[in-house]
Amino acid sequence: MNLKDLYIDFFVSKGHKQIPSAPVVPENDPSVLFNTAGMQPLIPYLMGQSHPYGTRLCDYQKCIRTNDLEEVGDVTHHTFFEMLGNWSLGDYFKDESISWSFEFLTKYLNIPVERLAVTVFAGNDDIPFDEVSYNKWISLGIKPERIAKTVDDNFWIAGETGPCGADTEIFYFRSEDEIPIEFDPNDDRWVEIWNNVFMQYNKAENGIITELPKKNVDTGMGVERTTAILEGVNDNYLSSIWKDVIDLICNISNLSYEGNERSMRIIADHLRTAVFISADPAGIKPSNTDQGYILRRLIRRAIRHAKTLNIDINSDWEQKIATLLIDKYQKYYKELVDNRDVVLNVLTEEKKRFNKTLEKGLKEFEKVTRNNENIDGEMAFHLFDTYGFPLELTVELAKERNLKVDIVGFENKFKEHQEKSRTASAGKFKGGLAGNSEIETRYHTATHLLNAALKVVVGPDVHQKGSNITDERMRFDFSCDHKLTDEEKKKTEDLVNEWIEAGLDVTVQEMSKDEAIKSGAECMFIEKYPDIVTVYQIGNDKYGVVSKELCGGPHVKNTSELTKFKIKKEEASSAGVRRIKAILE
Ligand code: SER
């Protein structure tokens, strides 16, 4: 049995319910591009909202982290990874959490206790030393010299605000060397494998930390890293997760892994992430902004490295690799099966597009080298950035003409650019996780009203295709074959405002998915919901029910809280899909 199955079975046997992985593109959270941790989709529940599956949950969650995209190519970095997690929402706390982690590692994964060490929170002015965790580890047989106490590394928060708390981290000695008696968390041979966060606080925008209504546990274990450790390989890409993908790349390129590791790892990693992004229900396509830009960069970087391996780019190499990846993961992620054609199409279309830019880039290259001038850093970067020219390609072409390339200048430009995009994505991450501010909650309810009003005014075939909410506005995509007339827009706006003025109650009910569908509740992607769902209903006796939707919330209690609704813009989004931008005044 593999790690994922073992983990889920173990926690189910301890009374946990398995919840499905959330999509990689977070819904209703425009502040982050991708889901970066297992706990991210659970934030509302860690903050106190009740979860339809109960108080003990476990899952494997698709995560994407692209801040270190350029680092991929070494033995440990990946842009996509799966995170195993178990949660207590106000149920068990430190005692059970630590006992079960220990039991799973030593009894199920058969890791010898001597190879394990832990860190616990040392205590600071605000929060005391985590004596409970310390004593628990001692009672399980972890020696005091294998327990390190830290402050900064043992307090966990995603971003700047939101649920947080002290944690205890579990380390594994990943080396053939003799295991040192004393554990030093800064010694690279000790690798962190599991993080148990005891989330009992909330950090507000002003930095003030308060107690959450309930004490929760949030744990995270990376599948790729732990699998490599269990299989005793130092290169993650040699574990069973990657072995067949690497073998296939060797086969396609007719080259061995030795000597070509970097390019092969990049191709394997980037295509896997591209497969998961393009299979996501959000329907991301390669573009020059946000998630689409990441998708584009991943595919192009994979192509560049395929070229480095002399793979015939026009052959169906990318289809073969993507097909293997889909086959490998389809047991766990149904969206890969449903969107197989979409994924393969995205990859091939982007490949064609990139090939065209490459030709344009070559023309540009001819133009700038017409007078036999050397290529400065700016130009080398321009070729890289605009035409996707890898530096190596520019150097190679320059060499043929006896020209030089300012490599240091290129690298400086590159770093500058990287800094900029890092800051941009850090900015995106910051603040977003707290999510669901009061104003966002109001917009969220407005989305349901707009959806319902469009069905009345435009027709019952209108369905939500997406939505995006910020503090300032809402955006709502819906299926519709025509541009809305001024009259339709006005009627829709008036109807939403009529419902706001009527002061309709918003109520929530839990029911089975089948029951919800039978009751006529609206939903966007039915396959994405668990078997038990929450349904939000808006209406009262006078008006009847105006809206009923499957939704995780949160919502306002009464529509009167929305004050006034105004449509600012109506435009095309994609074929057969229109987009409305609206505000609450
Ligand atoms: N939130 C913690 C992490 O991401 C544990 O799940 O490591």
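Since every read-out is calculated from the coordinates, none of them should be taken as a lab result. All values reported here derive from a predicted model rather than from experimental measurement. A quick note on method: Cβ atoms are made from the backbone with ideal geometry, for glycine too, and the neighbour counts reach across all protein chains shown.
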Exercise for review: Measure out, as a whole number of angstrom, how far apart the alpha-carbon centroids of the range 1-71 and the range 300-374 sit.
Suggested key: 30
Revision key, fill the gap. Per the rule of 0.36 nm per residue minus the C-alpha distance, extending GLU258 to SER99 adds in nm 53.1 nm
Check your understanding: If the chain between LYS320 and ASN288 were fully stretched, how many nm would it gain, using 0.36 nm times the residue separation less the Cα-Cα distance?
Key -> 8.9 nm
**Study point:** Computed label-point distance, nm, for sites LYS483 and ASN374 using a 7 Å Cα→Cβ extension
**Key:** 5.5
Exercise for review: Note the per residue figure in Å³ for the convex hull of the C-alpha positions in the chain.
Suggested key: 176
Point to revise | Cα-only Debye scattering, the range 172-214: base-10 log of I(q)/I(0) at q = 0.14, 0.19, 0.32, 0.34 Å⁻¹ | key: -0.57, -0.67, -1.16, -1.21
Review point. Taking the Cα centre of the range 434-523 as origin and charging only Cβ (+1 Lys, Arg; -1 Asp, Glu), how large is the dipole, in debye to the nearest 20?
Key: 240
Point to revise | Computed E for VAL577/LYS542 - FRET, C-beta separation, R0 35 angstrom, nearest 0.05 | key: 0.55
Practice item. For the range 184-327, state the semi-axes of the equivalent ellipsoid (square roots of 5 times the eigenvalues of the alpha-carbon gyration tensor), sorted largest first and rounded to whole angstrom. Key: 36, 22, 13
Exercise for review: Given the peptides 161-173, 27-39, arrange them by the average over their residues of other C-beta atoms within 10 Å, most packed first.
Suggested key: 161-173, 27-39
Exercise for review: Take ASP376, ASP188 and order them by how many other Cβ atoms sit within 10 Å, fewest up front.
Suggested key: ASP188, ASP376
Check your understanding: What fraction of the Cα pairs in the range 369-415, stated in percent, has a spacing above 11 angstrom?
Key -> 62
Check your understanding: Mean 1/r over all different Cα pairs, inverted: what Kirkwood radius does the range 473-585 give, in Å?
Key -> 15.5
Exercise for review: Give me the distance in nm between label points sitting 7 Å out from Cα along the Cα-to-Cβ direction at LYS307 and GLU400, one decimal.
Suggested key: 1.1
Exercise for review: Positive end of the charge dipole of the chain (Lys, Arg +1 and Asp, Glu -1 on Cβ, about the Cα centre): tell me which of TYR7, THR210, ALA122 has its Cα farthest that way.
Suggested key: TYR7
**Study point:** Rounded FRET efficiency, nearest 0.05, which uses the C-beta distance separating SER560 from GLU416 and R0 of 56 Å
**Key:** 0.65
Check your understanding: ARG353 to ASP327: extension gain in nm, 0.36 nm per residue of separation minus the Cα-Cα distance?
Key -> 6.7 nm
Exercise for review: Between beta-carbons, use under 13 Å as the cut-off and find the net charge around ASN402, counting Lys and Arg +1, Asp and Glu -1.
Suggested key: 0
Review point. Taking the simple approach of a point 7 Å from Cα along Cα-to-Cβ for both ASN110 and ASP152, what is their distance in nm?
Key: 4.0
Revision key, fill the gap. Neighbour-count ranking for HIS270, HIS77, HIS444 (other C-beta within 10 angstrom, fewest to most) reads HIS77, HIS444, HIS270
Exercise for review: Please order TYR60, TYR108, TYR333 by the number of other Cβ within 10 Å, starting at the fewest.
Suggested key: TYR108, TYR333, TYR60
